Every structure is written in structure tokens, then in C-alpha cells.
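Visitor: Below is a structure I'd like to ask you about.
The values are calculated or read from the model by the stated rules, or taken from the named source; none is laboratory data. Model, not experiment: these values are computed from the prediction. Don't worry about glycine lacking a Cβ; one is built from the backbone with ideal geometry, like all the others, and counts go over all protein chains shown. Side chains are part of the model used for accessible areas, which takes the heavy atoms of the whole protein and leaves out ligands, DNA and RNA. Shrake-Rupley method; radii C 1.70, N 1.55, O 1.52, S 1.80 Å.
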Amino acid sequence: MRAIELAPNVYRLDLGRYQAYVWREGERATLIDTGEPGSGPLIEAALGEIGLTRAALDRVVLTHFHDDHAGSAAEVASWGAPVVAGAADAPVIAGAAEGPEPNFTEFERELHAQVAAGLEPAPPVAVDVAVRDGDVLAFGAEGARVVATPGHTDGSVALYLPAEEVLFTGDIAAHFNGDVILGVFNLDAGVAAESFRRLAALDTRLACFGHGDPVTDAGGRLRATADGLA
């Protein structure tokens, strides 16, 4: 199975070494992130598992420009889905600017070389909707609120659905070896920690991470991690 139901309307898509998410509303859907380049057939297959075609996508939201999240956005956009992304990352996604490299620690540099081995660059794609903190996208009972989470990239965003208490964190947070952690490979770890604290302050039941298994007891676990950040 490529599509795993996490909660009503929420699916995790297994794209091999990376993952994405779908929010479904009837016969329509929103895709959050796209995995690495070449993931289009896996995304389409996963949609088929839940009875949807690629034409059902109303939008694809990119949490940030990194190749393991924006890698197949151009292919998904070719299906007719508009691309939504943080305003500061939009020029990088569109190929009009170079994305800055993270400020790696020595440990992170070695880890990145392992987990990103063979990762191809994301083909550029125009961003149709550039969003900022507080913008609301038209899905979910009360809409999906954009939460700016700079620090991982300048334009990183999370999505929060307050009525459902569902949070798509992007890479500001991760689930690793059973722990909810501040994400790695950041431009500015201090700014990323502040962004993590913003997410921890939300009333969250289900947190869906860019990397690692989602968690259903999310609010308390995010707050506990936030309390321990420098």
C-alpha cells in the first residue's frame, strides 16, 4: 500500500525513501509535498488506492524548496494542480534563484551525505500561489492556516487545520527513533527553534512530519520538545 489512512481525510503517501500527504474532501484532494524527482507515478498510484485520479488534485502545497519535497512538483503541476509555496522560497522553486545550503554541523553533513545520496535536483516549476504567515487555504472545516516556519529555509511553511487539530510540519519538526525532534539541516538553528515553538503552541492532535512517522499524541510531545530547546 502506498496510501496509509492516518485519520479521517488524512493520508500518508509512501514514496520510497521520502513521503508526502494528502488531505481528501470527497472527490477532491490537496497534496502536501511531492517527494524526490520521479515520484509522480507513485503519487498517482497512491491516489488510485483511495479511489482518486490525479485530476482530483485542487492544489499541491510545498512546505519548502528542498529537492526531497519539491522534487516532483513540476510533474504534478503538469496534471493541472496549481502550486502553493512560501513566498520566500517561491523564486528558488521556480528556478529564478539559488537555494542556500543549510548550515550543517559536522554530524549533519555526514548524515546528509547518507540520506540524500543520489537525490536529483528538483525541476523548476512556477509557484501559482505564494503564501505568507496567517494565510488560509480553502480546505478543512475552517480552512488550513499557513504558519511561517523560517529557519529550515527562509520560506518554510507548515499547515494547521484548527477544526481537525491536524498539523503538517514540513521539516521544522521530525520523528526520529521514537522522539519528536527539531528538524535537521537548517539555515539557522536558532530561528528554526523559534518556529518549532510556534508549532508547539498549537492545539494539535495529529502531527504529520516531513520525515518520520506521524504521531497522534502530538500536542504534548511537541511542547515537551519545545521546552527542552535552547
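Visitor: Based on the alpha-carbon gyration tensor of segment 1-73 and its eigenvalue square roots a ≥ b ≥ c, which shape applies: rounded if a/c is under 1.5, prolate if not and a/b is larger than b/c, or oblate?
Guide: Here segment 1-73 falls in the prolate category.
Visitor: How much net charge surrounds HIS211 when only other residues with a Cβ under 11 Å from its Cβ are counted (Lys, Arg +1; Asp, Glu -1)?
Guide: -3
Visitor: Rounded to whole Å, give me the distance from the Cα center of segment 65-90 to that of segment 91-150.
Guide: 9
Visitor: How do 211-219, 165-173 rank on mean C-beta neighbours within 10 Å, highest first?
Guide: 165-173, 211-219
Visitor: Among GLN114, ALA87, GLY151, pick out the residue whose Cα is farthest towards the positive end of the charge dipole of segment 69-187, where Lys and Arg carry +1 and Asp and Glu carry -1 on C-beta, about the Cα centre.
Guide: Positive-most Cα among the choices belongs to ALA87.
Visitor: Here's something else I'd like to know. Separation between the ALA201 and ASP188 pseudo-spin-labels, each 7 Å from Cα along Cα→Cβ, expressed in nm?
Guide: 1.7
Visitor: Expressed as a whole percentage, what fraction of the accessible surface of segment 1-100 belongs to carbon and sulfur atoms when a 1.4 Å probe is rolled over the protein heavy atoms?
Guide: Numbers: 1790 of 3590 Å².
On segment 1-100, the fraction of accessible area on carbon and sulfur atoms equals 50 percent.
Visitor: State whether segment 95-185 is rounded, prolate or oblate according to the following rule on the C-alpha gyration tensor (a ≥ b ≥ c being the square roots of its eigenvalues): a/c under 1.5 gives rounded; otherwise a/b larger than b/c gives prolate, and the remaining case gives oblate. Could you put the intermediate results ahead of the total?
Guide: Values: a/c = 2.35, a/b = 1.38, b/c = 1.70.
Verdict is oblate for segment 95-185.
Visitor: Quick one: Karplus J couplings for segment 145-156, per residue in order, coefficients 6.51, -1.76, 1.60, θ = phi - 60°, nearest Hz, x for Gly and Pro?
Guide: For segment 145-156, the Karplus curve yields 7, 7, 10, 5, 10, x, x, 6, 10, 4, x, 4 Hz.
Visitor: Rolling a 1.4 angstrom probe over the protein heavy atoms, how many square angstrom per residue are accessible across segment 1-145?
Guide: Each residue of segment 1-145 exposes 46 Å² on average to a 1.4 Å probe.
Visitor: Could you derive backbone 3J(HN,Hα) for segment 77-92 from the dihedral phi with the Karplus parameters 6.51, -1.76 and 1.60 (θ = phi - 60°), listing whole Hz in sequence and x where the residue is Gly or Pro?
Guide: Residue by residue, segment 77-92 yields 4, 5, 7, x, 8, x, 9, 10, 7, x, 4, 6, 8, 4, x, 5 Hz.
Visitor: Also, quick follow-up: What 222 nm value per residue comes from the helices of the chain, counting each DSSP H run with n ≥ 4 as -39,500 (n - 2.57) and dividing by all residues, nearest 500 deg cm²/dmol?
Guide: The helix-only estimate for the chain comes to -6500 deg cm²/dmol at 222 nm.
Visitor: Follow-up. For a protection proxy built on the mean count of beta-carbon atoms within 10 angstrom, sort 134-141, 187-194 highest first, please.
Guide: The peptides rank, most packed first, as 187-194, 134-141.
Visitor: May I ask what percent, to the nearest 5, of DSSP beta bridges between residues of the chain are antiparallel? Kindly include the intermediate steps, with their values, before the conclusion.
Guide: Values: 28 of 42 bridges.
Just about 65 percent of them are antiparallel.
Visitor: So, in Å, what gap is there between the alpha-carbon centers of segment 1-49 and segment 156-184?
Guide: About 17 Å separates the Cα centre of segment 1-49 from the one of segment 156-184.
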